[in-house]
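Engineer: Dropping a structure here in structure tokens format, bear with me for questions.
The values are calculated or read from the model by the stated rules, or taken from the named source; none is laboratory data. Since the model is a prediction, treat every value here as computed from it, not as a measurement. For neighbour counting, all protein chains shown are included, and Cβ atoms are generated from backbone atoms with ideal geometry for every residue, glycine included.
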Amino acid sequence: MNSFDAILKHKYILFFLLAVLSLFLGLSLWIGVFTTSIEFSNPIDLHTHFMFFGFFDSMVLGFIFTAFPNFTGNEPVSKFKLLLILVLKILGLTFLITSQMYLFSLVWLFELVLVTNYILKNIYSHFTRFPKSFLMVLIGFIWQFIYVLINFFNIDIVSDSSVLKMLLHQAFILNVILGVGLKVLPAMLGIGQSFSIERNSKKTVFKSGIQFLISYKYYFYLIFLNLKFVLDIVFLAPAMNQIFLAIYLMFLVLVEFQLFSKKMQLSYFSLAIKAALFFIVLGIFLTAVDGFYLWGLHIYFISGILLLTFIISGRVILAHGGFGLALEKSDKRLIALVACLVLAMLFRISSYLITWFSYEKSLITAVVIVFLFIILWFSIYGNKLFILLKGEKYVGRKLL
């Protein structure tokens, strides 16, 4: 198997590598704005686009193109569409670096049309097999589509566009994270179903009602989450609903992901997932507290979303690459990954706590630690990606 065939078989390879490269470039340019003479018309938007279009979106696409056909039995994404999306990603990052924002937005819109079309085809052709929680992934991409449209046409529909953009980003991330997580995390953590009623138990009106709620729970989760964002955007008052969102996420973390369940398989992987889920909930809660919004935002993204995304991508590489999962129980570097991002988060918020530790110092220190995190992640999973990229097969500890 040559490299091209390997990319077509293991579709996540280039998307994951592109995501890591985007994260590195995005953070490098961000600290370059504060430490060099580099100038951009809107450095905050540049940083944000690298994080979402470059990093998070690439990680999600790697997962979607790998997992969706397995769950639905549908045909994998076509070679043409796969390569076209990869080209659009590279073009988009090029336009982003060169500050050609109109062309960047146009490329992003085109990519979103292709991805949304792919998800809709999976739903339409195999709806009975399509995991219902994955509908949230579709909703997440619709929110992202709205965000890009606003940027593309420079639509000024509210007085504070930064709050609107933040809400749209959060709607995209949480819909995708929960849509994927509700399906795959219980299996990954070995905890099984969260709700069940014994088939032989006597039916009552109460039990029938509970069974109805269980059967349609993913639809309720989808409605509750997105109703929150609709209300936020209409009234442009996210703080009033962030507490609701924190409680909602806490419920899912405790009930669906069973954070403190004794059934959960103990491993360094499960500990990392627990840490990420905890920081996501904590970060969302703090964004609702006066004076702690920026704290919450950095806790939520750095030690929550960033950690969860990298840990799950590592599982995808191990499971779909045929490397086995023994590493997740034996490799203590997974705990070091958690420690790196927690430390990066603490340094990032330190400027709000320590007056003599400037914003620039806290930013640079946090970014350097994230770079160390990337190097550490590559030391664990990078060689496996390149083994797959070379088209080699791996069985046990031997290359074939």
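Engineer: Being assigned to a helix (DSSP H, G or I) and touching a residue at least 40 places away in the same chain (Cβ under 8 Å) is true for just one of PHE95, PHE65, PHE80, PHE110. Which residue is that? Before you say what the answer is, go through the steps one by one.
Structural biologist: Working: PHE95 fails: touching a residue at least 40 places away in the same chain (Cβ under 8 Å); PHE80 fails: touching a residue at least 40 places away in the same chain (Cβ under 8 Å); PHE110 fails: touching a residue at least 40 places away in the same chain (Cβ under 8 Å).
That would be PHE65, the only listed residue that is assigned to a helix (DSSP H, G or I) and touching a residue at least 40 places away in the same chain (Cβ under 8 Å).
Engineer: Please determine whether any residue of segment 25-36 is at pLDDT 85 or above, out of contact with any Asp or Glu (no Cβ under 7 Å at 6 or more places or on another chain), part of a helix (DSSP H, G or I) and polar (S, T, N, Q).
Structural biologist: For segment 25-36, residues at pLDDT 85 or above, out of contact with any Asp or Glu (no Cβ under 7 Å at 6 or more places or on another chain), part of a helix (DSSP H, G or I) and polar (S, T, N, Q): present.
Engineer: Kindly indicate which of SER125, SER99, SER78, SER105 is surrounded by fewer than 19 Cβ atoms within 10 Å (Cβ to Cβ) and within 15 Å of PHE50 (Cα to Cα). Lay out the reasoning, then the answer.
Structural biologist: Values: SER125 fails: within 15 Å of PHE50 (Cα to Cα); SER78 fails: within 15 Å of PHE50 (Cα to Cα); SER105 fails: surrounded by fewer than 19 Cβ atoms within 10 Å (Cβ to Cβ).
Within the list SER125, SER99, SER78, SER105, the selection yields SER99.
Engineer: Return the pairs, sorted by first residue and then second, in which the second residue is among the polar types (S, T, N, Q) and surrounded by fewer than 18 Cβ atoms within 10 Å (Cβ to Cβ), the first residue lies in segment 247-259 and is farther than 12 Å from PHE224 by Cα, the beta carbons are less than 8 Å apart, and the residues are 6+ apart or on different chains.
Structural biologist: That search, which allows pairs on different chains as well, returns VAL255/SER194; GLU256/SER194; GLN258/SER194.
Engineer: Going through segment 352-377 one residue at a time, which ones are surrounded by 14 or more Cβ atoms within 10 Å (Cβ to Cβ) and without any contact (Cβ under 8 Å) to a residue 12 or more places away in the chain?
Structural biologist: Hits for segment 352-377 are PHE357, LYS361, VAL368.
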